[in-house]
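The values are calculated or read from the model by the stated rules, or taken from the named source; none is laboratory data. Keep in mind it's a predicted model, so treat the numbers as computed, not measured. Using ideal geometry, Cβ is built from the backbone for each residue, glycine included, and neighbour counts are taken over all protein chains shown.
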């Protein structure tokens, strides 16, 4: 006898306690428990977040309506329910709710038997790009750490002889009789000072103490917004798209202001032609992400801060190297702004990445929340 979704839900509730439900919410993948017809008996927090609807709403509907190939999913559920297979796998796309953010999510669906497969089937959905993204984040964090150590050691090696070069040029200037020759020593002193400034910027993140306090990310955004608009009074619009529910977290407010300011200023400089035409736009968007893995650590909640602009995009040849020190996409740039931003974000256990195409560039900062 086939149970209705409501009856199956009662049976499921009787055999599963609160701790069992909580365990599903701690998974990084999307999980749904369905009856043999595909009606949702339970969905975990990650699936709620991806589709964009509450658990209560989803458990009143069928999982079939959220996948691009509902017939394939239904056949897989039926086959597993009738013990034709213990597991079925296939790739499809998971749709989001109307008004949700983003395109359908490519997923690998795994339909598996449970102890009571005649009433409930386990459906697990893994983002196809999830593992690739985690591998990329780990590589980026490892590369950033190696680069920071290299730059710090190199900066110390440069700093020591710079003082000697500058001092020698000053002494030489006192002994030279010709103004033309003294002018050359001034060139040496000027260039030594310029290199000293560059070295100080390279060493700045390692010298500055990490001052921890309660941080409101929207205060950080508003500070950066006001500073940027003060420099670009016309032609640039900075749009707020904030999630007011984001809690305060422990962090270094000044470091986060500097990190965000570097990214926003970098975007504003890339929007030069759009600013002249008066159609330049930067969007500051904040959201809460759930069950986030950063590096090898798992966090229940995280802040997602997006900085989006409508500029020409990052040149393809620079996208993999954009956070490397001394790599700049514009003439006269130091190539340190994004490197310092990445350093400050990583000091908050976070990550920063860039997605870019002509007309749309997004820098995404992810920082764990309490």
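What to note about this one:
- On inspection, residue 244 qualifies as outside any helix (DSSP H, G or I) and exposed (fewer than 15 other Cβ atoms within 10 Å of the Cβ).
- Counted as qualifying within region 248-346 are the strands (runs of 3 or more DSSP E) with 3 or more residues that are touching a helix residue (DSSP H, G or I) at 6+ places or on another chain (Cβ under 7 Å) and at pLDDT 85 or above, namely 280-294, 297-309.
- Residue 167 fulfils the conditions (1) exposed (fewer than 14 other Cβ atoms within 10 Å of the Cβ); (2) modelled with pLDDT under 85; (3) farther than 30 Å from residue 367 by Cα except for a single criterion, (2).
- Residue 96 vs. criteria closer than 16 Å to residue 289 by Cα and either within 32 Å of the chain's Cα centre (by Cα) or part of a loop (DSSP other than H, G, I, E, B) (or both): yes
- Yes/no for residue 234 being loosely packed, with under 13 Cβ neighbours inside 10 Å, in a loop (DSSP other than H, G, I, E, B) and out of contact with any strand residue (DSSP E or B) (no Cβ under 9 Å at 6 or more places or on another chain): yes
- Test set (1) in contact with a helix residue (DSSP H, G or I) (Cβ under 6 Å, 6 or more places away or on another chain); (2) touching a residue at least 40 places away in the same chain (Cβ under 8 Å) - residue 39 fails condition number: (2)
- None of 223, 240, 234, 250 is under 19 Å from the mean Cα position of the chain (by Cα), more than 15 Å from residue 366 (Cα to Cα), in contact (Cβ under 8 Å) with a residue 24 or more places away in the chain and assigned by TED's automatic domain parsing to the domain that holds residue 301 except 240.
- In this structure, residue 34 does not satisfy being buried (at least 22 other Cβ atoms within 10 Å of the Cβ), within 26 Å of the chain's Cα centre (by Cα) and over 14 Å from residue 97 (Cβ atoms).
- Residue match in region 300-308 (condition: closer than 17 Å to residue 339 by Cα and surrounded by 19 or more Cβ atoms within 10 Å (Cβ to Cβ)): yes
- Tally of residues being touching a strand residue (DSSP E or B) at 6+ places or on another chain (Cβ under 8 Å) and part of a helix (DSSP H, G or I) across region 49-89: 14
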